[in-house]
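Before any comments, here is the structure.
The values are calculated or read from the model by the stated rules, or taken from the named source; none is laboratory data. Keep in mind that what you see is a predicted model, and the values were worked out from it rather than measured. FYI the Cβ positions are ideal-geometry reconstructions off the backbone, even for glycines, and counts take in every protein chain you see. With ligands, DNA and RNA removed, areas are computed over all heavy atoms of the protein, side chains included. Shrake-Rupley method; radii C 1.70, N 1.55, O 1.52, S 1.80 Å.
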Amino acid sequence: MTTAKRPAGRPVDALAEPVERVGRGWTSALSLANGAIWVGWYGPLQILLASQAKDFAPGSGVSKETMLAWVTGAGAVVSLVANPFFGALSDRTTGRWGRRTPWIVAGTAGGALSLLLLAGADGPWTMALGWCLVQLTLNAAFAAVTAAVPDRVPRLQRGSVGGWLGAAQILGVVGGTGLATAAGGIGAGYAACAVFTVVGVAPYVLCHADPRLPAADRPPWSWRGFLAGFRLSPRRHPDLGWAWLTRFLINLSNALVLLYLLYYLRDRILPRGSGSGGSPVHDPEQGVLVLTSVNGVTLLATVVVGGLWSDRVGRRKPFVVWSGVLMAVATAALAGWQTWTGTVVAAAVLGVGFGVFTSVDFALMTDVLPKALDRGKDLGVINIANALPQVAAPVLAAPIVTHLGGYRVLYLVAAVIGLAGALLVGRIRGVE
């Protein structure tokens, strides 16, 4: 018995270029799922991992900064591999629940269990193992959530949808930081993040069907072909290459700002007291929450507006350029204005710039994807530009802070890197 072939020139829904606008319910559910995944990441990254490193460092022979750098760097290496790998697997999934939903479910469940494992870490090795598992599993869910946008959203709606996803992302960062701070302990913080991640993903999974890929449209399987698909030549796809480099440099700049934020407050800002430019906040962890909230408010004020504006005028690159320049200026301010007031102002300006960048850059990335069949894999490769800075940032930051000039030099380097990323977007030719 032979399998009936699909008529030539008639793409299946899973591979068609979307033309029908998505509704508010779909966008809201996907945004909530995206934000929940970021809660699972940033509760640990902002508060819990730094607290564990401070507890485990005495007697280990390394400083808390170095231990945190090694743990977050190891997790980022896992993320580098996991995101494109699971994106590629979701591209080839032909089950009844669609291409993306099975991986969202499996990744979210695994992420919650990994967070609970991390809560019970009793030393640096179990801490590193737990964080690597969190990165492995939540990246499976994130790759599938991200790929749902080019699967379902038409090009001229992607800026606004990207804006809502960006808003959910920063709310996830703030929510994760708030949960980790308010839970009352490291173990309770991890448990709160795990529960929220599962609850936040559930509405999208339960209420919105995912387009199925017929088995006849899945390419023949071979390990050689599967692995070869991850090699995206910048020569063949120059716009994709320049877009990737732009995202990498701006995210590296942002990662350098965030990595030692807790220590920056503890060692440079808050000990100065409440004199001129001083702080009414005396707890570094509370300070991180305040700065994250300020950054989140200004980001939320621009992330959706920036995406809508970009959709309306049909242009992407000018928004990316000027948002990157604004972020570089704010990062440089952290080097030259080392007071609590200066830090709050820098956090606010960074939020304005990163809000516009987040929504418009996401739309820009989906506009340069080469093939519909490989959306998940290609976005996973692009998302390496989000994860790789987590590897590169500790490598750059630790020696700068400890041996090459401290936080002032660190933030100047971060500003130069971000500015370079903003200017290189002009090399993209295929997007207005």
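Of Val416, Val409, Val381, which residue is part of a helix (DSSP H, G or I) and more than 29 Å from Arg315 (Cα to Cα)?
Val409
Collect the residues in segment 152-176 that are more than 15 Å from the chain's Cα centre (by Cα) and part of a helix (DSSP H, G or I), keeping them in residue-number order.
Applying the first criterion (more than 15 Å from the chain's Cα centre (by Cα)) to segment 152-176 yields 152-161.
Once the filter is applied, which keeps residues that are more than 15 Å from the chain's Cα centre (by Cα) and part of a helix (DSSP H, G or I), segment 152-176 yields Arg152, Arg155, Leu156, Gln157, Arg158, Gly159, Ser160, Val161.
With respect to Leu369, determine if the residue is hydrophobic (A, V, I, L, M, F, W, C) and either open to solvent by 30 Å² or more (accessible area, probe 1.4 Å) or modelled with pLDDT of 80 or more (or both).
The answer is no for Leu369.
Go through segment 150-188 and report how many residues are in contact with a Gly (Cβ under 6 Å, 6 or more places away or on another chain), open to solvent by 20 Å² or more (accessible area, probe 1.4 Å) and within 24 Å of His208 (Cβ to Cβ).
1
Matching residues to (1) under 30 Å from Phe86 (Cβ atoms); (2) modelled with pLDDT of 80 or more; (3) open to solvent by 30 Å² or more (accessible area, probe 1.4 Å):
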site	(1), (2), (3)
Gly336	no, no, yes
Trp340	no, no, no
Thr343	no, yes, no
Ala346	no, yes, no
Phe357	yes, yes, no
Lys377	yes, no, no
Gly418	yes, yes, no
Arg427	yes, no, yes
Val431	yes, no, no
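Before we move on, is Ala76 open to solvent by less than 10 Å² (accessible area, probe 1.4 Å), within 22 Å of the chain's Cα centre (by Cα) and at pLDDT below 85?
yes
Residues that are over 20 Å from the mean Cα position of the chain (by Cα) and outside any helix (DSSP H, G or I): does segment 128-150 have at least one?
Looking through segment 128-150, none of the residues is over 20 Å from the mean Cα position of the chain (by Cα) and outside any helix (DSSP H, G or I).
Mind listing whichever residues of segment 97-118 are crowded, with 21+ Cβ neighbours inside 10 Å and in a helix (DSSP H, G or I)?
Kept after step one, since they are crowded, with 21+ Cβ neighbours inside 10 Å, are these residues of segment 97-118: 98-101, 103-104, 107-108, 111-112, 114-115, 118.
The answer is Thr101, Trp103, Ile104, Gly107, Thr108, Gly111, Ala112, Ser114, Leu115, Leu118.
Within segment 79-92, can you find the residues that are surrounded by fewer than 23 Cβ atoms within 10 Å (Cβ to Cβ) and touching a helix residue (DSSP H, G or I) at 6+ places or on another chain (Cβ under 6 Å)?
Leu80, Ala88
From (1) modelled with pLDDT under 95; (2) touching a helix residue (DSSP H, G or I) at 6+ places or on another chain (Cβ under 6 Å); (3) open to solvent by 20 Å² or more (accessible area, probe 1.4 Å), pick out the condition that doesn't hold for Leu133.
With respect to (1) modelled with pLDDT under 95; (2) touching a helix residue (DSSP H, G or I) at 6+ places or on another chain (Cβ under 6 Å); (3) open to solvent by 20 Å² or more (accessible area, probe 1.4 Å), Leu133 is out only on (1).
From the set of residues in segment 49-67 that are of a type in the set (A, V, I, L, M, F, W, C) and not in a helix (DSSP H, G or I), which is nearest to Val401 (Cα to Cα)?
Applying the filter and picking the extreme gives Val62.
Given the conditions (1) modelled with pLDDT under 80; (2) in contact with a Gly (Cβ under 7 Å, 6 or more places away or on another chain), report the number of the one that Gly351 does not fulfil.
Tallying (1) modelled with pLDDT under 80; (2) in contact with a Gly (Cβ under 7 Å, 6 or more places away or on another chain), Gly351 fails exactly one: (1).
Do we have any residue at all in segment 319-334 that's touching a Lys or Arg at 6+ places or on another chain (Cβ under 7 Å), in contact (Cβ under 8 Å) with a residue 40 or more places away in the chain and either open to solvent by less than 10 Å² (accessible area, probe 1.4 Å) or not in a helix (DSSP H, G or I) (or both)? Quick ask: steps written out before the conclusion?
The initial filter retains those residues of segment 319-334 that are touching a Lys or Arg at 6+ places or on another chain (Cβ under 7 Å), namely none.
Scanning segment 319-334 turns up no residue that is touching a Lys or Arg at 6+ places or on another chain (Cβ under 7 Å), in contact (Cβ under 8 Å) with a residue 40 or more places away in the chain and either open to solvent by less than 10 Å² (accessible area, probe 1.4 Å) or not in a helix (DSSP H, G or I) (or both).
If you go through segment 105-123 one residue at a time, do you hit one that is in contact (Cβ under 8 Å) with a residue 24 or more places away in the chain, aliphatic (A, V, I, L, M) and under 22 Å from Val381 (Cα atoms)?
Within segment 105-123 (the criterion being in contact (Cβ under 8 Å) with a residue 24 or more places away in the chain, aliphatic (A, V, I, L, M) and under 22 Å from Val381 (Cα atoms)), the answer is yes, since at least one residue qualifies.
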